[in-house]
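Working notes for the structure below.
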Amino acid sequence: MQAALTIRNLRVRPVSVPVRIQPVAATGAIPTMPLVLIDLETDQGITGRAYTFAITPLAQKPVVEALNGLAGLIKGDPVAPFEIDAKLKKRLTLLDTPGVFGLALAGIDMAAWDAVAQARGVPLVTLLGGHPRPVKAYNSCGLWVGDVAKLPDQAAQLLAEGNFSAVKMRLGRDDFAQDLAAVRAVKARIGDSVTLMCDFNQRLTYNEAIRRGRALDDEGLYWIEEPVRHDDYAGAAKIATEVKTPIQIGENLLTSFEMLQALEARAMDFVMPDVQRIGGVTGWLRAATLAHAFGMEMSSHLFPEISSHLLAVTPTCHYLEYVDWAAPILEEPTVVRDGHVTIPDKPGTGIVWNEGAVAKFIVQ
Ligand code: SMN
Ligand code: MG
């Protein structure tokens, strides 16, 4: 039997990473990427790595502090992700674990799984019972809610850079005529053979979602993402029956328990959990089982480096959301070939920090 890994320390570093195409969602701009890097160091010399995305710099320090606090509870413990999850969730039961603590827990979980896969000498996907294979992806790096005139060229560029056949655009402008013009301009440029998704980032009221959704029904969109508040499952379910285009939600689902509630409410046609909100690798596996049971296509949200491993063992695997936001701080950023993300054929997730870049972008 192999000796179990034990946790020696968590090394936690906040970085502010420049982004190639600045995200401007209907909720506002994200000027740089506030990531928190986690190195889960073991007594055996293996280091598991993962990052969390704090969304706003305001949340970065709290995430760091949560991670440092949680580290104190697991030092010396075996690197057994299910056991770490159970122990930390129990300790935090009275607080509950949405928000900052949820991100921290998922970060620890992802780093722990990376360490275990490295110790076994296999890619994470192989540890989970799959093998490294190409995973179908869409390019989600651009097409934000800015100037409509710039979108067609950007769409063509985003498709060309990885030979993608799918791309996502953001909607939710105050003036729906502008949204519609944006969709038509992009569609005219990329043609009907390309898959075009759109994302409202929860910007609409229920009535406006039905109005805009129906108006978009003949525009050839592949899905309409998060039209209304993420936790309005009943509203989303009604919208899904009123609008022909499939409704996609899931990036804000916390844990498989919320996912079950949303599935039972039929709040979506497609589901796309986010690995850091759904509870890391451990949470993802539970969510994937639910999507399977409900016969629902499951995509990922952000985190392409680890999501590729997870989608490859997800029974209802649909689309990987490709973003390059962590690329500047990685030794080997995610590779896209013919619109598919390649899973690195090396132990763990393949996440290794580019320490020179980390030093440059570190937040003091
Ligand atoms: C999104 C989420 C978080 C940051 C930027 C954009 C968006 C997506 O909802 O699905 O990509
Ligand atoms: Mg989204």
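Can you tell me which of D269, D218, D232 is acidic (D, E), free of Cβ contacts under 8 Å to residues at least 24 places away in the same chain and farther than 27 Å from W113 by Cα?
Selected residue: D218, the only one of D269, D218, D232 that is acidic (D, E), free of Cβ contacts under 8 Å to residues at least 24 places away in the same chain and farther than 27 Å from W113 by Cα.
Could you say which residue among E258, E305, E251 is surrounded by fewer than 23 Cβ atoms within 10 Å (Cβ to Cβ), acidic (D, E) and either over 21 Å from A50 (Cβ atoms) or modelled with pLDDT of 95 or more (or both)?
E258
Would you confirm whether any residue within region 44-51 is touching a residue at least 12 places away in the same chain (Cβ under 8 Å) and within 16 Å of ligand 2 (Cβ to nearest atom)?
No, because not a single residue in region 44-51 is touching a residue at least 12 places away in the same chain (Cβ under 8 Å) and within 16 Å of ligand 2 (Cβ to nearest atom).
With the requirement that a residue be of a type in the set (A, V, I, L, M, F, W, C) and within 16 Å of ligand 2 (Cβ to nearest atom), what does region 288-323 give you?
Of everything in region 288-323, those that are of a type in the set (A, V, I, L, M, F, W, C) and within 16 Å of ligand 2 (Cβ to nearest atom) turn out to be M298, L302, F303, L320, V323.
Output the number of the condition that I55 fails; it satisfies all remaining conditions of (1) away from ligand 2 (no atom under 16 Å from the Cβ); (2) surrounded by 13 or more Cβ atoms within 10 Å (Cβ to Cβ); (3) not in a helix (DSSP H, G or I).
Here I55 clears every test but (1).
Is it the case that region 152-170 has a residue that's without any contact (Cβ under 8 Å) to a residue 12 or more places away in the chain, farther than 26 Å from I46 by Cβ and of a type in the set (A, V, I, L, M)?
Yes, some residue in region 152-170 is without any contact (Cβ under 8 Å) to a residue 12 or more places away in the chain, farther than 26 Å from I46 by Cβ and of a type in the set (A, V, I, L, M).
Kindly provide the set of residues from region 196-241 that are away from ligand 2 (no atom under 16 Å from the Cβ) and hydroxyl-bearing (S, T, Y), ordered by number.
T205, Y206, Y233, T241
Only one of these conditions is not met by D109: (1) buried (at least 24 other Cβ atoms within 10 Å of the Cβ); (2) assigned to a loop (DSSP other than H, G, I, E, B); (3) charged (D, E, K, R). Which number is it?
Going through the list (1) buried (at least 24 other Cβ atoms within 10 Å of the Cβ); (2) assigned to a loop (DSSP other than H, G, I, E, B); (3) charged (D, E, K, R), D109 breaks only (2).
Tell me which helices (runs of 4 or more DSSP H) are completely within region 263-364 and hold 3 or more residues being more than 17 Å from the chain's Cα centre (by Cα), or say none if there are none.
Qualifying helices (runs of 4 or more DSSP H): 280-293, 355-361.
Kindly check whether there is at least one residue in region 19-28 that is touching a strand residue (DSSP E or B) at 6+ places or on another chain (Cβ under 6 Å), surrounded by 15 or more Cβ atoms within 10 Å (Cβ to Cβ) and closer than 21 Å to K360 by Cα.
yes
Go through region 122-143 and report how many residues are in contact (Cβ under 8 Å) with a residue 60 or more places away in the chain and surrounded by fewer than 21 Cβ atoms within 10 Å (Cβ to Cβ).
So the count comes out to 9.
Could you grab me the full set of residues in region 153-188 that are within 14 Å of L221 (Cα to Cα) and among the basic types (K, R)?
K168, R170, R184, K187
Only one of these is over 27 Å from L124 (Cα atoms) and within 14 Å of ligand 1 (Cβ to nearest atom): V271, V228, V243. Name it.
That would be V228, the only listed residue that is over 27 Å from L124 (Cα atoms) and within 14 Å of ligand 1 (Cβ to nearest atom).
If only one of A25, A54 is under 24 Å from the mean Cα position of the chain (by Cα) and at pLDDT below 95, which one is it?
A25
The values are calculated or read from the model by the stated rules, or taken from the named source; none is laboratory data. This one's a predicted model, so the numbers in the text were calculated from it and none came from an experiment. We place every Cβ from the backbone using ideal geometry, glycine too, and count neighbours over all the protein chains shown.
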